[in-house]
Structure formats: structure tokens, C-alpha cells
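Peer 1: Structure in C-alpha cells, see below.
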Amino acid sequence: MKLKNINLGLGLMALLALSSCADDKFSEYRTDMTKSLKEYQYLNNYEPLKKYVEDMKAAGKCNPDFKLGIALEAAEFNKQGLVYCLAGSNFNEMTAGNAMKMASCVKDDGTFDFNTVKDFVTNAQDAGLTIYGHTLAWHSQQNKKYLNKLIADKEIQVDPSQKVEKTDYQLDCSTLTKYDWSGSPESVKTEWNKDGAVVITNPKPIADWWTLQYWLVNGISLNPGTTYKITILCKAEGEGESSAHIRFKIGNWDDNFELTNGFEIPVGGNYKEVSFEVTPKIGSNGLFFQHGDFAGKIYWKSIKITHSEAPAMEIFTDQVSNGNLDSSKPTSCFVVREAGKKDVAGTPVAGGPEGKNCIVVHANANASTEWDTQFFIYTPNKAWSKDEQYKVTFWYKATKQIGADTQCHNTPGEYMHYQCLSPNPTFTTEWKKYESTGKIPEQGDGMHAIAFNLNKGTESTAIDYYFADIHWYTVEKGNKIPLTDEEKKDTLTWAMGKWIDGMMEATDGYVTSWDVVNEALSGADKDGDGKFDLQSAKRGNVTADDAKNNFYWQDYLGDIDYVRTAVAAARKSFAAHNSDPDKLKLFINDYNLESDWDDNGKLKSLIQWIHDWEADGVTKIDGIASQMHISCYADPNTQKSKKDHIVKMLELMAKSGKLCKISELDMGYVDAAGNSVTYDQMTEEQHKEMRDLYTFVLQQYFKIIPIDKQYGITQWCATDSPKDSGWRPGNPTGLWDLNYLRKHTYAGFAVGLGAPEYWKEAK
């Protein structure tokens, strides 16, 4: 039969417990099955889940520190209602779904709001529950606006007297025929295009002055931190007043509502310009006026919003890295081709001008062609467009005075055009500085490299050519300078450290285990190094929407330093807020580690990455956390493959020597046709299949993972997922149904923890 309507309400014991669970904690809290469904009666024999964990610990069958966890919303737990009772009665650890993620705690201006987190920690302590921190570093649910602002181009600093005024918005009020929004009382009248103005008439003062309010300007973009000058051509008419006080709001209609002190409009006479400056603290979208305590007429004729900024000038942005030829850094932007040899990156050596390093290129005597020996300046991440303005500078010399031709190449060796720089350089035996500005020729459209053809004229003697302090700039008009890669890395290292320290301070050392980095790996090895690459917007291994909506720290910090930075910040901050830093356990959390389509390739790659991250001898990652958002399959062959690879996953995790956690366990059901089945369409047999799979997963965990490496298992969904949920909508994910009645899966989970198979006794 299909169980389309088993949600018959909470059992009597659940309701009684709910009424007093905040006082009596959780000892009597149960959610049994209704007695009207005989097939489900056996479920009432089961104890709360954590009772079976306690029995396993007492029998020495699992790690004494093993945590049985549940994921929930911190705000719901803080209400100390049903969710609070369910968590406390069945589990000994909690994971907050979203409350401890960066986007939930960091505002657009970089300030913190940890109020929900602090309440969560306090209530968890009172309930005797530990918290598993989720998550310190992730690409998703970061405050992308704040982070991008930190690494945005910086305005050129100039003397204030040299700044120019830029118009952001200009309104001729005679064009208006309506408000975007109005809260004005009926007694307030509006006239449109009267003497080219919008006229607001309030016949008498209003005690609740804020009830006369309206958006006169809406839908503009004002950046936080920028100072704007607002100039309004206006006048006021009224009795017994010298001026009309206008309160105004700048900002968005939300929790960040920003109401200023306002400004004054002189009463009587002709139109006057009223100017004032504002510096929004938040992203703003308009001007919102309130003046209900003024009786009379307000005339709005025009509004102008401006700001001052540095004037546009030529900005040079270097497109090569390590142009100073630091021997400790890669020199992949400089390629040497010597006759008869393979192309190699230039090797920095001493001997350049003013103590700088240089690159030496050796040209043999009597070369067959002048392009047998070449030097390339290469921008692998920059394709140059025709007519794009550039500037090239370097120091150069040779062991003989000689000229050199330059060519446009795609990659080094992929010829495009015979002429690039103008003029071509002429080498002498003394160091000279070369400088060329110009535009990329039409034939060089898409080029990445400048080729220098050396040994021009196929000289009869060997010649050594020297290059130093090499730069290839884009030239653009503007007033902002991009941060260098190093500046971005330094800035984001600071930002990550600040965020992690703020969280560690908010949790006050109580949260001792964390997803330090979440979902770092992609699902493929595109660079051919034998392990899956990290997710990246720059390398193009994520979708366009993901690249747009997320913030990939690794694109700025680097694949290795990303994780090392997060780990270092976590350990430093935890030690500052907890007297025992050894308590801290840091996990790398990821999904599809049990996947059969890649033969657990992602997990194998993760283990390799952990080895790389720890190779410095300082970074320590304590554990691997597996998100097991799995499904039960009706097709037996598919199900066998899935189960086999769950076993392989656990074996690999055990072999890693790390703590092992199933961090996000939930389950759906897929029928024989490959379709997901919603909770209201599930048959009883399908529920039982899911029950058996839960038992299998948990039993294999305790069988395969060594006792000292068993950190815990967290059920991700207590109940089935509502159909309007953002997570697995409509799926039968829970151990309880949507009315918090136990399902067959509850029994399967309990048996996996060592409970009896009561359904067999019921038969």
C-alpha cells in the first residue's frame, strides 16, 4: 500500500513532553507512531536514539567520544520548542544548518552579528549538547559583496583639490507623475508638474510625523563608504515657521534602514538650492522623505546626486608575473628557446643592472635562421586584442652590438605576425632600458607572447643576450588601480583570519570540532596531475552561475595556501579562546566521497590533497567528513554498486589514519525507472528498503572504522523534506515524518546503533 496519509498528528507523549521539556530537559520526550497503523506499532518499542549509543559505549563497541548528531536550524533550537526537545532526547551533538556560515554572520560592511550563534552555544551548553561547527571556509554562502569590495580596484589618491565631480543621478521633478511608494495620510495632497515641481501639501501638523513619507527617488545605486553630495532645488510655504525640517532616509527598506537627521528648507521666497553630504553605511537605493510635522507646502523642483573622485589618468597594469626575476618564484612568463634545445622557463641569475637578476639566452655561431634562438615574454592568462594599448619595458644588453626583430605569437612558438614592438631593440654591450608604447597590430589579435628573434643575420660568433626587469603593461584610462595578486592574497588572508577569529570568540571555545574547509574539490582532474582539482571560478571547472554567485578563496590564496590559511587561523584563534588547543579537531568536509561513477575517485583525491596540505609539517588536519546524501535504489544492480562503494569509502577513510565522520547523512528513494519518489508516494516496502539501507550504512561504519577513529555520525534531516524546501524537496529524507512521527527509517537507524530488530518480533 501507499502511505499517503500517515501524518496523523503527534502522539500524546510528545505533546505532554513538549509542554514541559524546557524544564525537564529530555528524559521523557518521545514521538511514537499512532496505534491506528499496526505495521508501525513496533516502532514504539524503540528508545531514543542516543540510548543505544550509550549502550555501545558501555559495551566498548564504539569510541567513548563518538557523537551522534543532528542538523537543525539554530534559530528553531533557540526557541526551546519541539526541535529543542527532539535534539536533546535523541542526539548528543548538533550541526547548525546555516547560522554558523559566513553569510549569516558577516554584514556587507564587514561587521559581525553573532547573536544567533551565541544564543545557540548558550542553549546547547544548558542542554548538555556539543556543537559541530559548520563551516569556517567555503566558496558558497560567503558575503561575496564584502569580500569582492576588499579586493576591488582602489581609487588613485590625489590632492582633494584635484578631484572632479561626477554626477550619479539627476531628476527633473516636472517629469514625475507618481511616487514609487507613499505612506501619506488622505489629508495630504500631491500636485504634479505645478510650476515644474512636485508639490506636497500637508494642511496641519501630524503628531505621528513619520506617517507622511514617500520615495521621491528610488532605484539608484549608492555605494557604502562613498560620500555623496545631494543638491535639491526646492522651496517651502507655511505659517509661523522659519524653515521646514525634512527627515530623509538613504538606504534599503530592511534591517539596515538608515534615517539621517535631515535638513532644513527655508520658508518663503523663491526656489533655493539646499545641499548636504551623506556617506551611506550600506548599499542604498534612493531618497525617502518624511515631514509630517510641518504644515504647509513643500516644492520639489530638481534633485542631483554627485560625488568627487580622482580624475581619469593612464593606468598601467602589469600582465606578467615575477618581472623582477625573483629566483624563489616561478618564471613561467619568460620562455627561452636555444637552437637545438627544448623551450624552458628562463632561469634568473645574478648580474643584472642595479643588483637585479637577469635571464641569459645563448645564441650559437652561424645559426641557420635568426628564429632558431628566441626569447619570449608570455602572458598565459592574458589574450591581447588588436588595437589594445600596451607598454613594454625591460633592461637589456648582449656580448656584441646587434639588432633583434620582434614577432607576435600566440603561445611561444605559434607564429602570428612578423612585427610586434616598435622600434625593435638594438642590443649593446652596456645595460640600457628599453621602452615601447603602442597598440597591438591587427594580425596579433589574440596573441599571448612577444618573440625576440636573436642572432640576427646569423652571426659568425656566439652571442649571449641578457634581459632584466621585464614588464608588459596594459594601458587604460581610469582612476582606479587593480590590486596585485599578492595584495589580494594578503587582504583575503587577513579577512579569513578576522572572520574565523570572530567565530571562535563568539563560540568561546565551546565548539571544539569544525568543518574547517567545506567542499573544496571538483569532480574531475583537468590538469592531469592524478587528483581531482579544487573547485575554481578562474579555471572554469564550475558552472557559470556558481562562478557568478560564489566566492572561491582558492582562486586568490592558491590551492595549497587556501586550506593551510584556514587551518592556521582556526588553530590560532581557538587557542586564544580556549585554554586547551589540543581539543580542537578540524575536518575537511566534502560530498560524493562514496560515489560509484568515479570509483571513489574524489575521496582518493582528497586523501592526496590532505597529504599535500600537511606536507609543510605544520598544517594538521584531524579528520575526513563525508556528506552522504544518498538514495535507496529499487534497481538491485544499482543498489549493489552503491553499497559496494560505501564500503570502499569507509575502507579508504579508515586507511587514511584520520578521524572519520559521516557529517550529513540523509536518504531519498529512486524507483526502478530512475525517478525520485516523494514522501507521499512511498510504499511501505520502499520505506522498509530505506530502513535496511540505514542499518547497512551504520553497521558498516562501526565495522570498518577503527574505534579510535570513530568521531561521529550526523543525520542531516530529522524529518522528510517539505515540498517547498530548498533541500531535496519532497524527498523522504527523515527518520520522522513531517509531523514528527517515527518512520521505519528510525528503526533502521536505531538497529545500526545496536538496537533489536523489533519488526521481526512483531511478526
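Peer 1: To the nearest 0.05, how large is the calculated FRET efficiency for ASP599 and GLN157 if R₀ is 45 Å and r is the Cβ-Cβ distance?
Peer 2: Values: r = 56 Å, r/R0 = 1.24.
In this case the efficiency is close to 0.20.
Peer 1: Under the √(5λ) rule applied to the eigenvalues of the Cα gyration tensor, what semi-axes describe the equivalent ellipsoid of the chain? Give them in Å, descending.
Peer 2: Details: eigenvalues 623, 446, 96 Å².
Square roots of five times the eigenvalues give 56, 47, 22 Å.
Peer 1: Starting from segment 157-238, pick out the chymotrypsin sites (Phe, Trp or Tyr not before Pro) whose DSSP state is loop and whose Cβ has at most 14 other Cβ atoms within 10 Å.
Peer 2: Working: sites: TYR169, TYR179, TRP181, TRP192, TRP209, TRP210, TYR214, TRP215, TYR228; in loops: TYR179, TRP181.
Passing both the DSSP loop test and the Cβ count: TRP181.
Peer 1: Determine the relative contact order of the chain: mean sequence separation of Cα pairs under 8 Å and six or more apart, normalised by residue count, in whole percent. Mind dumping the intermediate values first?
Peer 2: Values: 1695 pairs, mean separation 107.9, N = 763.
Rounded, it is 14 percent for the chain.
Peer 1: Here is a further query. What's log10 of I(q)/I(0) for segment 431-511 at q = 0.13, 0.20 Å⁻¹, Debye sum over Cα points only, no solvent?
Peer 2: Listed by q, the Debye log ratios stand at -0.77, -1.15.
Peer 1: Could you sort 335-342, 373-380 so that the peptide with the highest average Cβ count within 10 Å comes first and the rest follow in order?
Peer 2: On the way: 335-342: 15.8, 373-380: 22.4.
The packing order, highest mean first, is 373-380, 335-342.
Peer 1: For the chain, which DSSP H helices look membrane-span-like by this rule: Cα extent along the axis of 24 Å or more and mean Kyte-Doolittle of at least -0.5? Before the final figure, lay out the partial values.
Peer 2: On the way: long enough: 485-507 (33 Å, -0.86); 559-577 (28 Å, 0.03); 636-656 (30 Å, -0.89); 684-704 (30 Å, -0.93).
Span-like helices, by this rule, are 559-577.
Peer 1: Relative contact order of segment 314-478: what whole-number percent is it, with Cα pairs under 8 angstrom and at least 6 residues apart? Working shown, then result.
Peer 2: Numbers: 453 pairs, mean separation 57.7, N = 165.
The value is 35 percent.
Peer 1: Let me make sure I get this right: for segment 122-190, a, b and c are the square roots of the gyration tensor eigenvalues over alpha carbons, sorted descending. Under 1.5 in a/c it's rounded, otherwise prolate if a/b > b/c, else oblate. Which is it? Walk me through the intermediate numbers first.
Peer 2: Working: a/c = 3.76, a/b = 1.43, b/c = 2.63.
Verdict is oblate for segment 122-190.
Peer 1: While we're looking at this one, here's another question. Sticking with the crude label model, points 7 Å out along Cα→Cβ, report the distance from LYS189 to THR543 in nm, one decimal please.
Peer 2: Rounded to a tenth, the inter-label distance reads 5.6 nm.
Peer 1: Take the cross-link list LYS342/LYS439; LYS166/LYS235; LYS382/LYS602; LYS526/LYS703 and give me the ones stretching past 28 Å between alpha-carbons.
Peer 2: Working: LYS342/LYS439 31 Å; LYS166/LYS235 25 Å; LYS382/LYS602 31 Å; LYS526/LYS703 36 Å.
Result: LYS342/LYS439; LYS382/LYS602; LYS526/LYS703 exceed 28 Å.
Peer 1: Next question, about the same structure. Suppose a student asked you for the relative contact order of segment 160-309, using Cα pairs under 8 Å spaced at least 6 residues apart; what percent would you report? Display every interim value, and only then the final one.
Peer 2: Details: 382 pairs, mean separation 57.8, N = 150.
The normalised contact order for segment 160-309 reaches 39 percent.
Peer 1: Something else: Shape verdict for segment 593-735, please, from the Cα gyration tensor: rounded (a/c under 1.5), prolate (a/b greater than b/c) or oblate.
Peer 2: Working: a/c = 2.13, a/b = 1.92, b/c = 1.11.
Prolate shape, in that a/c is at least 1.5 and a/b is the bigger ratio.
Peer 1: Here is a follow-up. Label-point separation (nm) for SER275 and LYS386, each offset 7 Å from Cα along Cα-to-Cβ?
Peer 2: Roughly 4.8 nm, to one decimal.
Peer 1: In which sequence would ASP126, ASP598 go, from the one with the fewest C-beta neighbours within 10 Å to the one with the most? If you can, show how the numbers build up before the last one.
Peer 2: On the way: ASP126 13, ASP598 17.
Fewest to most other Cβ atoms nearby, the residues stand as ASP126, ASP598.
Peer 1: Return the calculated 222 nm mean residue ellipticity for the chain, to the nearest 500 deg cm²/dmol, obtained by summing -39500 (n - 2.57) across DSSP H runs with n ≥ 4 and dividing by the residue count. Don't jump to the answer; show the numbers that get you there.
Peer 2: Working: 16 runs with 182 residues, N = 763.
When only DSSP H runs of four or more count, the value is -7500 deg cm²/dmol.
Peer 1: If you don't mind, there's one more thing I want to ask. Could you tell me what a quarter of the Cα convex hull surface of segment 580-654 works out to, in nm² with one decimal place? If you can, show how the numbers build up before the last one.
Peer 2: Numbers: hull surface 22.6 nm².
Computing the convex hull of the Cα atoms and averaging its projections yields 5.7 nm².
Peer 1: Still on this structure: Restricting attention to the alpha-carbon atoms of segment 160-309, what are Rg (one decimal) and Dmax (integer), both in Å?
Peer 2: When restricted to the Cα atoms of segment 160-309, Rg and Dmax are 15.1, 50 Å.
Peer 1: While we're here: Treating the beta-carbon of each Lys and Arg as +1 and of each Asp and Glu as -1, no other charges, what is the dipole magnitude of segment 303-390 about its Cα centre, to the nearest 20 debye? Don't jump to the answer; show the numbers that get you there.
Peer 2: On the way: 8 positive and 11 negative charges, 48 e Å.
With Lys and Arg at +1 and Asp and Glu at -1, about 240 debye.
Peer 1: Which loop-located GluC sites (Glu not before Pro) does segment 164-224 contain, where loop means any DSSP state but H, G, I, E or B and the Cβ has at most 13 other Cβ atoms within 10 Å? Let's see the in-between values first.
Peer 2: Working: sites: GLU165, GLU186, GLU191; in loops: GLU186.
Passing both the DSSP loop test and the Cβ count: GLU186.
Peer 1: What fraction of the DSSP beta bridges in the chain is antiparallel, stated in percent and rounded to the nearest 5?
Peer 2: Details: 106 of 144 bridges.
About 75 percent, rounded to the nearest 5.
Peer 1: May I pose another question? Segment 314-478: Rg/Rh from Cα coordinates, Kirkwood Rh? Intermediate values should be presented prior to the final figure.
Peer 2: Values: Rg = 14.8 Å, Rh = 15.8 Å.
A ratio of 0.94.
No lab work stands behind these numbers, since they all come straight from the coordinates. Given the structure is predicted, the values throughout are model-derived calculations rather than measurements. All Cβ positions, even for glycine, are placed from backbone atoms using ideal geometry, and neighbour counts span all protein chains on display.
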